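Trainee: Below you'll find the structure I mean.
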Amino acid sequence: MLLSAAFLAALDLHAADPGPEDVTDFPSLEAHAQALARAAHVPVEQDLDSFFAKLNYDGHRRIRFREDKALFGGAGDTFRVEFFHPGWMFKKPVRFHQITDEKAEPVGFDSGLFDYGGLEVPANAGHPAGYAGFRVLAPDSFLDRRFEFLVFMGASYYRAVTTELGYGISARGIAVNTVGGAPEEFPDFTRFWLARPKPGDDTFRLLALLDGPSLAGAYEFSAKPGRTTEMRVRGTLFLRQKVEMLGIAPFSSMFWYGENSHPKPYDFRPEVHDSDGLQIEIENGPAIWRPLDVGRETRMSFFQAEKLKGFGLAGRDRDFANFQDLEARYHQRPSVWVEPVAGFDKGAVVLVELPTGEETWDNIVAMWKPESVPQTPDEALRFEYKLLWHGGHEPGGLCKVAATRRGFVMDSDDHLYVLDFEPGMAERGKAADWTPEARVRVNAGAAEVLDARVMRNAESGGWRAFFKLDVPADTALLELICELHDGPLVISERWQYQWRR
């Protein structure tokens, strides 16, 4: 009798767990994610018909969504959603619901939504169980034309554009064991709940379920397109098992080479990258600019912060002449800035720079690593942040690092660094011959700083700082810092650079 009572109680508890059809808002999604986290992980089945599974890149891109079939397309001049067909490297099905009148209605797969572009799909080919992802289009009146501004596709990855800048950096829901020694995991957004928009809405809202071997999570996204595309991200994670590292607000970018890279690949383009630096601001602390670079080994950098104001990967160089790429248009890739709202109390910004020999894959990762995380599904890890996709975050009135160049001093093995700063607020009202001071120090490693000086850059209207380094033969790694000063006052970002032999 006792066993029967316990069994019935377990059945009642299981029946009370909310399912996908019960999700209509963020609290109900949290409850659903926690219930999943208390059970063993069930991988998403990839039962995709072999015809679609074997498609190559060219074949998959021939399958186009029919523009007149968009979800919410009949709701007037408002946001619309178009789906991606599974195939090629996107084989996992993603399920969808639309939230209308506080009800979640399934959005099933429909082959009639697609133009197969002349592909000879076998008559007996099985339909996919879901879609591969989706994109969101702004109301046509927003720009008086079709404007796709947001895409979710692949694991927990998503990207956004602005009215002026194209696709580049990829964000994702969470990073699991990117550093720390354990195998990295890539949880998936397995389900989405799309809130039905109304004419006049300037923000598109959606819910997403994250699921992976070590955790399950609830996410809410609110996205507003514009010259700056603003997103507000709220997340709650429940861990099934212990993890070595969690990365909050992670995003990835590509850096093959830049103006500071040596040696450069044999390529006609002067620079090839989405982003050229990591930017960090800490309350009552420095505003840091860390130029990106890659070498033969993986580089990992940790920037401790107790009160983080924000961080992001930025593409500051907007001059086409420095890229010369008419197709990729790297000078028009967006920067991304994370502005914490909650859950960023104590931890570190982590930068991972992976070696690469080409431009196809993202090799730069930035994220926030909290100092401690829960280790059971009974404890929730909650966070919230703003995600800004734009031309770049301005560091207040500080002189901003515009370029980093380096090489050898002529007829010497000393290293020469040349840093360009845009003008800031501190020089206003100064005498015409006033010049700030460059203070350079070696924060880690052995080297001697020689001949640090600053001169006015008449071409840019800013400042150019020079310094030389005498690096001993047995030094393999240096952490360098340079700031512009007006007496005791710091008037620039903190340029912080890692040199490796």
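Trainee: Suppose we keep only residues that are out of contact with any strand residue (DSSP E or B) (no Cβ under 6 Å at 6 or more places or on another chain) and not β-branched (Val, Ile, Thr) within the range 376-389. Which one would you say is nearest to residue 307 (Cα to Cα)?
Mentor: Restricting attention to the range 376-389, the residues satisfying the condition of being out of contact with any strand residue (DSSP E or B) (no Cβ under 6 Å at 6 or more places or on another chain) are 376, 378-379.
Subset that is not β-branched (Val, Ile, Thr): 378-379.
Working: 378: 27, 379: 23 Å.
Checked the range 376-389; the qualifying residue nearest to residue 307 (Cα to Cα) is 379.
Trainee: Right, another one. Applying the selection to the range 330-343, what residues are within 27 Å of residue 298 (Cα to Cα), part of a loop (DSSP other than H, G, I, E, B) and open to solvent by 10 Å² or more (accessible area, probe 1.4 Å)?
Mentor: Result: 333, single match.
Trainee: Same structure, new question: For residue 301, only one of the following conditions fails: (1) part of a strand (DSSP E or B); (2) in contact (Cβ under 8 Å) with a residue 40 or more places away in the chain; (3) farther than 19 Å from residue 178 by Cα; (4) not aliphatic (A, V, I, L, M). What is its number?
Mentor: (3)
Trainee: Now, a different point. Would you check which residues across the range 304-320 are hydrophobic (A, V, I, L, M, F, W, C) and in contact (Cβ under 8 Å) with a residue 24 or more places away in the chain and list them? Reasoning before the result, please.
Mentor: Taking the range 304-320 first, the residues hydrophobic (A, V, I, L, M, F, W, C) are 305, 308, 311, 313-314, 320.
Across the range 304-320, the qualifying residues are 305, 308, 311, 313, 314.
Trainee: Could you check how many residues of the range 81-119 are open to solvent by less than 30 Å² (accessible area, probe 1.4 Å), not in a loop (DSSP other than H, G, I, E, B) and not polar (S, T, N, Q)?
Mentor: Selection size over the range 81-119: 12.
Trainee: Take residue 394 and decide whether it is in a loop (DSSP other than H, G, I, E, B), open to solvent by 40 Å² or more (accessible area, probe 1.4 Å) and closer than 29 Å to residue 490 by Cβ.
Mentor: yes
Trainee: Condition test on residue 72, is it at positive phi, at pLDDT 95 or above and out of contact with any helix residue (DSSP H, G or I) (no Cβ under 7 Å at 6 or more places or on another chain)? Lay out the reasoning, then the answer.
Mentor: Values: at positive phi: yes; at pLDDT 95 or above: yes; out of contact with any helix residue (DSSP H, G or I) (no Cβ under 7 Å at 6 or more places or on another chain): yes.
For residue 72, the condition - at positive phi, at pLDDT 95 or above and out of contact with any helix residue (DSSP H, G or I) (no Cβ under 7 Å at 6 or more places or on another chain) - is met.
Trainee: Given the range 15-72, what helices (runs of 4 or more DSSP H) lie entirely inside it while holding 2 or more residues that are open to solvent by 90 Å² or more (accessible area, probe 1.4 Å)? Spell out the reasoning first.
Mentor: Details: elements: 26-37, 50-53, 57-61.
Here the list reads 57-61.
Trainee: Here is a follow-up. If you scan the range 304-329, which residues turn out to be part of a loop (DSSP other than H, G, I, E, B), small (Gly, Ala, Ser) and buried (at least 18 other Cβ atoms within 10 Å of the Cβ)?
Mentor: So the first thing to find is which residues in the range 304-329 are part of a loop (DSSP other than H, G, I, E, B), and the list is 306-307, 315-319, 323-329.
Pick out the ones that are also small (Gly, Ala, Ser) and you get 315, 328.
Hit for the range 304-329 is 315, nothing else.
Trainee: I'm trying to understand the selection: among the residues of the range 220-235, which are open to solvent by less than 10 Å² (accessible area, probe 1.4 Å) and under 16 Å from residue 340 (Cβ atoms)?
Mentor: Scanning the range 220-235 gives 231, 233, 235.
Trainee: Between a first residue in the range 412-440 that is touching a residue at least 12 places away in the same chain (Cβ under 8 Å) and a second residue that is outside any loop (DSSP other than H, G, I, E, B) and among the hydroxyl-bearing types (Ser, Thr, Tyr), which pairs have beta carbons less than 6 Å apart while being 6 or more apart in sequence or on different chains?
Mentor: 419/404; 421/492
Trainee: Within the range 237-245, is there a residue that is open to solvent by 40 Å² or more (accessible area, probe 1.4 Å) and within 19 Å of the chain's Cα centre (by Cα)? Lay out the reasoning, then the answer.
Mentor: Of all residues in the range 237-245, those open to solvent by 40 Å² or more (accessible area, probe 1.4 Å) come to 240-242, 244.
The next check asks that each one be within 19 Å of the chain's Cα centre (by Cα); those that pass are none.
No, every residue in the range 237-245 fails to be open to solvent by 40 Å² or more (accessible area, probe 1.4 Å) and within 19 Å of the chain's Cα centre (by Cα).
Trainee: Still on this structure, I have one more. Inside the range 171-196, can you point out the residues that are under 26 Å from residue 108 (Cβ atoms), under 16 Å from the mean Cα position of the chain (by Cα) and open to solvent by less than 10 Å² (accessible area, probe 1.4 Å)?
Mentor: Result: 173, 187, 189.
Trainee: Still on this structure: Out of the residues in the range 211-230 meeting the condition of being assigned to a strand (DSSP E or B) and in contact with a Phe, Trp or Tyr (Cβ under 6 Å, 6 or more places away or on another chain), tell me which one is nearest to residue 165 (Cα to Cα).
Mentor: 229
Trainee: Applying the selection to the range 237-288, what residues are in a strand (DSSP E or B) and farther than 27 Å from residue 167 by Cα? Quick ask: steps written out before the conclusion?
Mentor: The first filter runs over the range 237-288 and keeps only residues in a strand (DSSP E or B), leaving 237-239, 246-253, 255-257, 272-273, 277-282, 287-288.
Listed by number, the residues that qualify are 237, 238, 239, 282.
Trainee: Residues in the range 120-170 that are under 20 Å from the mean Cα position of the chain (by Cα), among the aromatic types (Phe, Trp, Tyr) and buried (at least 20 other Cβ atoms within 10 Å of the Cβ): how many?
Mentor: Total satisfying the criteria: 5.
Trainee: Taking only pairs six or more apart or across chains, which ones have beta-carbon atoms under 6 Å, a first residue in the range 139-166 that is part of a loop (DSSP other than H, G, I, E, B), and a second residue that is open to solvent by less than 30 Å² (accessible area, probe 1.4 Å) and among the polar types (S, T, N, Q)?
Mentor: 139/78; 162/229
Trainee: Next question, about the same structure. Show me the strands (runs of 3 or more DSSP E) found entirely inside the range 431-501 where at least 3 residues are at pLDDT 90 or above and open to solvent by 30 Å² or more (accessible area, probe 1.4 Å).
Mentor: Working: elements: 437-444, 448-457, 462-470, 477-486, 494-500.
Hits in the range 431-501: 437-444, 448-457, 462-470.
Trainee: Let me ask you something else. Condition (residue is open to solvent by 50 Å² or more (accessible area, probe 1.4 Å), within 22 Å of residue 275 (Cβ to Cβ), within 19 Å of the chain's Cα centre (by Cα) and without any contact (Cβ under 8 Å) to a residue 12 or more places away in the chain) applied to the range 372-389: is it met by at least one residue?
Mentor: Within the range 372-389, none of the residues are open to solvent by 50 Å² or more (accessible area, probe 1.4 Å), within 22 Å of residue 275 (Cβ to Cβ), within 19 Å of the chain's Cα centre (by Cα) and without any contact (Cβ under 8 Å) to a residue 12 or more places away in the chain.
Trainee: Moving on to the next point. Is there a residue in the range 279-298 that is among the aromatic types (Phe, Trp, Tyr) and closer than 30 Å to residue 36 by Cβ?
Mentor: no
Trainee: Just checking, which of 262, 273 is open to solvent by less than 20 Å² (accessible area, probe 1.4 Å) and farther than 28 Å from residue 235 by Cβ? Before the answer, list the steps.
Mentor: Working: 262 fails: open to solvent by less than 20 Å² (accessible area, probe 1.4 Å).
273 is the lone residue from the list that is open to solvent by less than 20 Å² (accessible area, probe 1.4 Å) and farther than 28 Å from residue 235 by Cβ.
Trainee: More than 23 Å from residue 261 (Cβ to Cβ), at pLDDT below 95 and open to solvent by 30 Å² or more (accessible area, probe 1.4 Å): does that describe residue 356?
Mentor: Values: more than 23 Å from residue 261 (Cβ to Cβ): no; at pLDDT below 95: yes; open to solvent by 30 Å² or more (accessible area, probe 1.4 Å): yes.
Spelling it out, it is not the case that residue 356 is more than 23 Å from residue 261 (Cβ to Cβ), at pLDDT below 95 and open to solvent by 30 Å² or more (accessible area, probe 1.4 Å).
Trainee: Is it the case that the range 404-412 has a residue that's surrounded by 17 or more Cβ atoms within 10 Å (Cβ to Cβ) and of a type in the set (A, V, I, L, M, F, W, C)?
Mentor: Our first condition is that a residue be surrounded by 17 or more Cβ atoms within 10 Å (Cβ to Cβ); within the range 404-412, this holds for 404, 406.
Subsequent filtering for residues that are of a type in the set (A, V, I, L, M, F, W, C) retains none.
The answer is no, given that none of the residues of the range 404-412 is surrounded by 17 or more Cβ atoms within 10 Å (Cβ to Cβ) and of a type in the set (A, V, I, L, M, F, W, C).
Trainee: Which members of the range 235-271 meet the condition of being among the charged types (D, E, K, R) and either in contact (Cβ under 8 Å) with a residue 24 or more places away in the chain or under 24 Å from residue 302 (Cβ atoms) (or both)?
Mentor: Step one: list which residues in the range 235-271 are among the charged types (D, E, K, R), which gives 240, 242, 244, 259, 264, 267, 269, 271.
Across the range 235-271, the qualifying residues are 240, 242, 244, 259, 269, 271.
The values are calculated or read from the model by the stated rules, or taken from the named source; none is laboratory data. Source: prediction; values computed, not measured. All Cβ positions, even for glycine, are placed from backbone atoms using ideal geometry, and neighbour counts span all protein chains on display. Remember, those area values only see protein heavy atoms, side chains included, never the ligands or the DNA or RNA. Shrake-Rupley method; radii C 1.70, N 1.55, O 1.52, S 1.80 Å.
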